[in-house]
Amino acid sequence: MPFTASSLWVIPLDSASATPVYVQVAQGLTHRIESGQLRPGSALPAERDLAAHLGVSRVTVRQALALLAQQGLLTRRHGSGTFVTPPPRPGDLPARSLGLLSSFSDDVRSRGQSPGARVLNFERTHPTPQEAMGLALSPSELVYRLRRVRTADGEPLAIEDSTLPAALVGPLAAQDVQDASLYALLAARHLSPARAIRHLRAVNADLTFAPLLNVAVGAALLTTDRVSWLADGRPIEYARAHYRGDRYDFVMELQGSA
């Protein structure tokens, strides 16, 4: 079906804004998805058509679509196009699928070990464009950004990077997340994540992560990117973690259709 311009694809863009144009495009599309204007399964126009209508480059449109695909709002099918995908509902996935909504501390305890957390960096700052998009924040709002080494019985297993919306979380200091479960802290503040999207991929340890994890440069790591939401739909955490491939694994339960 040929693309027909309509108000659905009218997204106000401000080239003078501190927010990158591709993030503005992504935010406009997100609003249409969350408001129901773009229904689950509906197809988006081709990149060239959308770029021409918005008056931006195809690269800008491609960046915006890639960002939304990473957030799980869009599905890109090679040779078919880009489609709206609904966010997963509680109960759609098996409990503890890839440890989706369980904390590192819970995972380690389930293995009979004692979890630990050492804070490497902690700051209260403005979000990056990707963090702002993932957490539905404006560039002027503040976030807590922290990096921690996570251990099991004292052995480093993972490097966790977490970004949290400061206004939602409330007062937070580095000592609050030293040798503590971040999810337990959020639960105590009635901010437990209700759902999340997690992306898993394999990488090799570089000069930053190798010494922190006590592995050789080039050693296999598992990396996950995750966005978590509260039950009311507000994003609560944008996170990335690097796990030692020789000490950590993920377990999935797979079910066939009836």
* **Dipole moment magnitude, nearest 20 debye, the chain about Cα centre, only Lys, Arg, Asp, Glu C-beta charged** => 380
* Asked: Ignoring ligands and nucleic acids, what accessible area does residue 31 show with a 1.4 Å probe (Å², nearest 10)?
  -> 110
* Asked: With every protein chain present, what is the per residue accessible area of the chain (1.4 Å probe, Å²)?
  -> 51
* Per-residue HN-Hα couplings for region 115-121, Karplus 6.51 cos²θ - 1.76 cosθ + 1.60 at θ = phi - 60°, whole Hz, x for Gly and Pro? -> x, x, 8, 10, 6, 9, 9
* Asked: What angle, in degrees between 0 and 90 and rounded to the nearest 10, separates the Cα long axis of helix 58-70 from the longest principal axis of the Cα atoms of the chain?
  -> 40
* Structure fact -> A chain fully extended from residue 128 to residue 58 at 0.36 nm per residue, minus the present Cα-Cα distance, gains in nm 23.0 nm
* Using 7 Å Cα-to-Cβ label points, what is the residue 202/residue 120 separation (nm, one decimal)? -> 2.3
* Asked: Among 21, 243, 163, whose Cα lies farthest out toward the positive end of the dipole of the chain, if unit charges sit on the beta carbon of Lys, Arg (+1) and Asp, Glu (-1)?
  -> 21
* **Gyration tensor verdict on region 128-253 (Cα atoms; rounded if a/c is under 1.5, prolate if a/b is larger than b/c, oblate otherwise)** => prolate
* Grab the DSSP H runs of the chain that are 4 residues or longer, score each as -39,500 (n - 2.57), total them, divide by all residues and round the 222 nm result to the nearest 500 deg cm²/dmol. => -6500 deg cm²/dmol
* **Distance in nm between pseudo-label sites at residue 138 and residue 10 (7 Å out along the Cβ direction from Cα)** => 2.3
* To do: Treating the angle as unsigned and between 0 and 90°, give the value, to the nearest 10°, between the Cα long axis of helix 21-34 and the longest Cα principal axis of the chain.
  => 90
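The values are calculated or read from the model by the stated rules, or taken from the named source; none is laboratory data. These numbers were taken from a predicted model, which means no experiment stands behind them. Note: ideal-geometry Cβ built from the backbone for every residue, glycine included; neighbour counts use all protein chains shown. Just the protein is used for accessible areas: all its heavy atoms, side chains included, with ligands, DNA and RNA removed. Shrake-Rupley method; radii C 1.70, N 1.55, O 1.52, S 1.80 Å.
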